[in-house]
Amino acid sequence: MAPRTVTPRTFTAQAIARDAVRAGYAGTGTRPESLSRRVPLMGGSCGITLVGASAALLDATFALADCLEQLWSRFVNDSDITRLNWAEGREVDVDPLTVRLIRAMLSGAELTHGDYDPTLLPDLLAAGYSSSTVAPSRVTRLPVSARSPGALAGIRIDGTTVRLPRGTTLDAGGIGKGLAADLVCELAMNEGAWGALAEIGGDIAVSGQGADGQAWRLGVEDPFDPAGHSAIVRLGTGALATSSQRKRRFTTAAGEHHHLLDPRSRDSAATRVQTVSVIASTGARAETLTKPGFLRPTADYLAWLPTVGAAGLVVDHTGALAASENWNLYR
């Protein structure tokens with residue numbers, strides 16, 4: 001099957017007129033209109049807010065987000081990810097954005113020294129996460145050759161042609177949500193928006209100005225109170241990703257599991273950490289950087305984050321908060 005091609009609608013006139021429109025607002029004391037919408041997407045919800053943009057551009061950002069789900073979901077039978085997982089070592093032609101996803105996976109694994117590993121899908125299915133949480137009839141199936149962990153170093157990319165070693169499978173998971181948020185903001189800003197916020201499944205990417213003309217004000221998820229926040233941060237351009245062991249839990253004959261796996265044990269991470277939130281330059285990077293927070297001693301993890309250009313907040317089973325030394329820069 002030929003790969004899907006993501007071709008978001010362009011808004012050349014809007015982009016050309018951007019500076020003129022901004023000049024018209026200058027000195028008036030008024031702010032451009034902000035538009036927002038939220039829809040179900042990627043096993044959760046997707047909320048997008050654009051500042052100084054048209055309704056048509058907002059539509060285009062949601063069309064892109066939906067297209068990315070169709071490209072990357074393991075619950076879509078003809079997605080790029082599913083086709084790769086069933087290729088049995090053969091080359092597969094994929095969308096350029098899927099190549100970008102796989103390169104982000106490879107970078108994330110290297111950055112975290114293997115704490116993030118996108119090749120553990122067989123173990124995730126064994127832990128009980130085989131069906132979509134929002135559409136249980138959609139089930140992930142893998143070939144009998146699938147092994148965990150896969151051979152990440154053996155992945156080959158040539159243009160838009162990708163080959164996974166036989167037995168290696170990929171799961172877009174959280175990094176797919178983070179990268180999707182990045183791409184939505186990228187599209188919006190390239191097409192003339194003053195500012196953009198995309199929140200997909202708990203991962204938030206922002207760019208440009210918030211609705212008040214200042215940096216975006218973002219709430220950090222409270223694992224014990226879905227309506228509350230553990231903290232509030234201010235962020236201009238960048239991303240805030242939160243991973244939680246409390247959201248996706250499954251019971252099998254072996255007991256209760258969550259979806260955050262330890263690549264060493266190939267089982268749910270044994271930790272009292274409930275949520276890990278990371279601020280980084282992109283949603284994809286922030287998402288991968290949350291994973292070591294469930295695997296390493298909290299103090300060591302929080303001391304390490306600033307060395308890779310990130311800040312973090314960890315909430316444990318008692319509700320106690322621990323933050324990296326640079327977290328206060330975003331308050």
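In region 104-123, is there at least one residue being farther than 19 Å from residue 83 by Cβ, touching a strand residue (DSSP E or B) at 6+ places or on another chain (Cβ under 7 Å) and small (Gly, Ala, Ser)?
There is no residue in region 104-123 that is farther than 19 Å from residue 83 by Cβ, touching a strand residue (DSSP E or B) at 6+ places or on another chain (Cβ under 7 Å) and small (Gly, Ala, Ser).
Look through 136, 143, 118 and report the one residue that is surrounded by 22 or more Cβ atoms within 10 Å (Cβ to Cβ) and either of a type outside the set (Lys, Arg) or at pLDDT below 95 (or both).
118
Considering only region 83-110, how many residues are under 16 Å from the mean Cα position of the chain (by Cα) and either assigned to a loop (DSSP other than H, G, I, E, B) or surrounded by fewer than 16 Cβ atoms within 10 Å (Cβ to Cβ) (or both)?
So the answer is 4.
Pick from region 7-54 the residues that are surrounded by 10 or more Cβ atoms within 10 Å (Cβ to Cβ), assigned to a loop (DSSP other than H, G, I, E, B) and of a type in the set (Gly, Ala, Ser): which of them is modelled with the lowest pLDDT?
43
Which of the residues that make up region 302-323 are at positive phi and in contact with a Phe, Trp or Tyr (Cβ under 8 Å, 6 or more places away or on another chain)?
319
Take region 126-155 and flag every residue that is touching a strand residue (DSSP E or B) at 6+ places or on another chain (Cβ under 7 Å) and touching a residue at least 60 places away in the same chain (Cβ under 8 Å).
Scanning region 126-155 gives 127, 128, 129, 134, 138, 139.
Test residue 134 against the stated conditions and say whether it is touching a Pro at 6+ places or on another chain (Cβ under 8 Å) and β-branched (Val, Ile, Thr).
yes
Please note which strands (runs of 3 or more DSSP E) are completely contained in region 262-328 and include at least 2 residues that are buried (at least 22 other Cβ atoms within 10 Å of the Cβ) and in contact with a helix residue (DSSP H, G or I) (Cβ under 9 Å, 6 or more places away or on another chain).
In region 262-328, the matching strands (runs of 3 or more DSSP E) lie at 273-280, 311-316.
Okay, residues lined up against (1) closer than 15 Å to residue 175 by Cβ; (2) touching a helix residue (DSSP H, G or I) at 6+ places or on another chain (Cβ under 8 Å):
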| site | (1), (2) |
| --- | --- |
| 37 | no, yes |
| 42 | yes, yes |
| 52 | no, yes |
| 75 | no, no |
| 101 | yes, yes |
| 121 | yes, yes |
| 128 | no, no |
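Identify all residues within region 89-141 that are under 25 Å from residue 46 (Cα atoms) and among the basic types (Lys, Arg); write none if there are none.
Within region 89-141, 100, 103, 138 meet the criteria.
So which pairs qualify, if the first residue must be in region 35-61 and over 15 Å from residue 187 (Cβ atoms), the second must be assigned to a strand (DSSP E or B) and of a type in the set (Asp, Glu), the Cβ gap must be under 9 Å, and the two must be at least 6 apart or on different chains?
Filtered contacts from region 35-61: 38/199; 45/199; 47/199.
Taking residue 189 as meeting all but one of (1) of a type outside the set (Ser, Thr, Tyr); (2) surrounded by 18 or more Cβ atoms within 10 Å (Cβ to Cβ); (3) in contact with a helix residue (DSSP H, G or I) (Cβ under 8 Å, 6 or more places away or on another chain), write down the number of the exception.
(3)
Restricted to region 226-243, and to residues that are part of a strand (DSSP E or B) and of a type in the set (Ser, Thr, Tyr), which residue is farthest from residue 178 (Cα to Cα)?
By that ranking, first place goes to 230.
Can residue 157 be described as in a strand (DSSP E or B), surrounded by fewer than 20 Cβ atoms within 10 Å (Cβ to Cβ) and at negative phi?
yes
For region 56-82, which positions are part of a loop (DSSP other than H, G, I, E, B) and of a type in the set (A, V, I, L, M, F, W, C)?
75, 76
The values are calculated or read from the model by the stated rules, or taken from the named source; none is laboratory data. Quantities reported herein were computed from a predicted structural model and do not represent experimental measurements. Using ideal geometry, Cβ is built from the backbone for each residue, glycine included, and neighbour counts are taken over all protein chains shown.
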